[in-house]
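The structure under discussion appears below in the form of structure tokens.
Each reported figure results from applying straightforward, stated rules to the coordinates on display, with no laboratory input. These numbers come from a predicted model, not from an experiment. Don't worry about glycine lacking a Cβ; one is built from the backbone with ideal geometry, like all the others, and counts go over all protein chains shown.
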Amino acid sequence: MTTSQALISAHNISLSHHGKSVLDDVSFELKAGEFITLIGPNGAGKSSLIKVLLGLIKADSGDIKRSGDIRLGYTPQTFSPNPFIPISVIGFLNLNQKVAQNFLHETALLTGIEGLLNSPLKSLSGGELQRVLLARALLNKPNVLILDEPAQNLDVNGQMHLYKLIQDIHHQQGCAVLMVSHDLHRVMKESTQVLCLYRHICCMGQPETII
């Protein structure tokens, strides 16, 4: 696979909700090995664009093209474990998928959750839960990792550790990353490209030319 191969391409994507424009003629592509950070104010359509890319919602017009060998890993913006369902972390990681247990434990070690595997999912802190969600995304051995505000609700120290982990995964595994973030300092440091969205693409380019 060459670094110029597009893994996901969005072409002229438009979406409305209750008559209000959410996305307007959005086009871009994520290539192998890239790290694109998607920024924009609340209500800009960032999470909606992610869901369209993943096929979770259908755009009103435009189309999404995915590479035939694409393997997706995804962490949602919000996730709240059901407090009435007693499930452990390892049970959650095995849920609805067949995972080789040696690979699961390797992934747990990589993401720093090996000591949490037998803990109740509902007992985790925000930072611990984000690492578990990241581990679950990695169990698909993705070549595209899509992260919707993964550091949301974490303190500064937790954000630093999580961003460092994402950076390491990007470099070590070579997967393309599309991450929604409000942390402009991290945008400058890690991204190969920044995409500024406010319903339409306001600008896109290398971080030093955008910010």
Over the chain, what is the percentage of antiparallel beta bridges among all DSSP beta bridges, to the nearest 5?
55 percent
Residue by residue through region 51-59, which ³J(HN,Hα) values in whole Hz follow from phi under the Karplus form 6.51 cos²θ - 1.76 cosθ + 1.60 (θ = phi - 60°), with glycine and proline marked x?
5, 5, 4, 7, x, 7, 9, 9, 6
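How large is the Rg to Rh ratio of region 113-167 when both quantities use alpha carbon positions and Rh follows Kirkwood?
Result for region 113-167 is an Rg/Rh of 0.95.
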Surface/4 of the Cα convex hull for region 47-158, nm²:
8.4 nm²
Among [x] 14.6; [y] 12.3; [z] 11.4, only one was calculated for this model; which label is it, if the read-out is mean projected area of the Cα convex hull in nm²?
[y]
Let me know the Kirkwood hydrodynamic radius for region 1-89, please, with Cα pairs as the basis and the value in Å to one decimal.
15.0 Å
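Of all DSSP beta bridges located in region 109-211, what percent are antiparallel, nearest 5? Write out the running numbers ahead of the final one.
On the way: 5 of 10 bridges.
Bridges in region 109-211 are about 50 percent antiparallel.
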What order do you get for 35-46, 14-25 when each peptide is scored by the mean count of other beta carbon atoms within 10 Å, highest first?
35-46, 14-25
Taking 2.2 N^0.38 Å as the expected size of a compact globular protein, what ratio does the Cα radius of gyration of region 101-199 give against it, to two decimals?
1.09
In straight Cα distance, which lysines are under 25 Å from LYS98, not counting same-chain residues fewer than 8 positions off?
LYS51, LYS122, LYS141
Charges only on Cβ, +1 for Lys and Arg, -1 for Asp and Glu: so what's the dipole of region 94-211 about the Cα centre, in debye to the nearest 20?
280 debye
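Compute the projected area of the convex hull of the Cα atoms of region 31-80, averaged over all viewing directions, and report it in nm² to one decimal place.
4.8 nm²
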Compare the peptides 189-200, 155-166, 136-147 by average per-residue count of other Cβ atoms within 10 angstrom and give them in order, highest first.
136-147, 189-200, 155-166
Find how many whole Å separate the alpha carbon centroid of region 33-103 from the alpha carbon centroid of region 135-169.
12 Å
With runs of 4+ DSSP H residues as the only contributors, calculate the mean residue ellipticity of the chain at 222 nm using -39,500 (n - 2.57) per run, divided by the residue total and rounded to the nearest 500.
-9500 deg cm²/dmol
How large is the dipole of region 18-149 about the Cα centre if only Lys and Arg carry +1 and Asp and Glu carry -1, each at its Cβ, rounded to the nearest 20 debye?
300 debye
